[in-house]
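FYI, it's all coordinate maths here, none of it is from the lab. Being a predicted model, the structure only gives us computed values, none of them experimental. Here the Cβ positions follow ideal geometry from the backbone for every residue, glycine too, while neighbour counts run over all protein chains shown.
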2 protein chains.
Amino acid sequence: MSYAEQALAVLKARGYRITRPRRRVLELLQGAEGALSIQEIKELLDRAEEPVDMVSVYRIVDCLEDNALVHRVLSTGKIRRCDLENEAHCHREQHDHCHHNLICRECGSITELHCPGLDTLQDEVARQTGFHIEEHNLEFLGLCPRCAAREGDFRA
Amino acid sequence: MSYAEQALAVLKARGYRITRPRRRVLELLQGAEGALSIQEIKELLDRAEEPVDMVSVYRIVDCLEDNALVHRVLSTGKIRRCDLENEAHCHREQHDHCHHNLICRECGSITELHCPGLDTLQDEVARQTGFHIEEHNLEFLGLCPRCAAREGDFRA
DNA sequence: ATCATTGCAAACCGTTTGCAGCCTT
DNA sequence: AAGGCTGCAAACGGTTTGCAATGAT
């Protein structure tokens, strides 16, 4: 099942209505490599087909965020679809949704990490500082393998 | 040397002028437990002594940020003084200033971590994904030891 | 004396709110 | 048929810009 279908199913199950603007936003996010700003979402939708109101985009994104179907990228505030498929593999509770992202500064693509060695690190930090850690935000920025290879080409 | 003095010295060395508003913002940040929003900075300054214009606060904070004397907390956008004293201990380049914070949701205090086991984790992630990591953002949210103890009291 | 910096007013822009009409259920 | 959702207009609030006055060097 595709991301958009899965997300729509979640909304439906929770009593939301499946509207054309909601479907279109979800499909757009499904196709997007990285994350999109609210403005980018509006522009892309307007360009593709009949326009969607800016206010509606705000409300749709809010709704998707409330239902943990999208999240905001920490460093940019842009909107990204959640990785619904693999989220179950993550050993955290629902609400503590972890989004550890590898963000390519070149192509903007985002690779999601699903709780790597961070738990160990977190335990270690907690032990050393006595801090009671409830949540964490982690983001790596750099170059994805493809862009890193391309950048290598320039120098060659 | 105190934070404010140190920061002013940096500005002076770089050709900026040492003005009263700049000094006052730095002293305020020096005394603050956690991070302050632009609005909080303005209010606190107004309350303490003669008022400072909102616009000036914006410009002063921009200046301090440009010179790596303050940074914004990732999750809240609030302003925090950089830990100039201990920054040298961090094995990273100047521009890659790391701000790994432990933020107490109760009292708002912030404890800075200086590159703990993260480098190992980062290497591991890089190895597994092929991603060329240039920068990272890490933030832990929870309770500081003191607030955690107090919260324990309530339950007892 | 010079020129960076401040303060004030106004512009700007992203986001939110209210409400009527539409469309999903 | 009912009411959630959208679109439009207007309000709102945080941030930026222009410019004259001030103050640091």
Test: B:L69 is closer than 18 Å to B:N101 by Cα, more than 10 Å from DNA strand D (Cβ to nearest atom) and not charged (D, E, K, R): yes
Options A:R14, A:R47, A:R22, A:R59; residue that is away from chain B (no Cβ under 14 Å) and more than 10 Å from DNA strand D (Cβ to nearest atom): A:R47
Among the candidates A:K12, A:K42, A:K78, residue that is free of Cβ contacts under 8 Å to residues at least 60 places away in the same chain, under 21 Å from A:C144 (Cβ atoms) and within 15 Å of DNA strand C (Cβ to nearest atom): A:K78
Subset of the stretch B:133-156 (residues that are touching a residue at least 40 places away in the same chain (Cβ under 8 Å), touching a His at 6+ places or on another chain (Cβ under 9 Å) and assigned to a helix (DSSP H, G or I)): B:C147, B:E151
Residues (surrounded by fewer than 13 Cβ atoms within 10 Å (Cβ to Cβ) and under 17 Å from the mean Cα position of the chain (by Cα)) located in the stretch A:32-55: A:E33, A:Q39
Failed criterion for A:D83 (all others in (1) among the acidic types (D, E); (2) surrounded by 15 or more Cβ atoms within 10 Å (Cβ to Cβ); (3) within 16 Å of DNA strand D (Cβ to nearest atom) hold): (3)
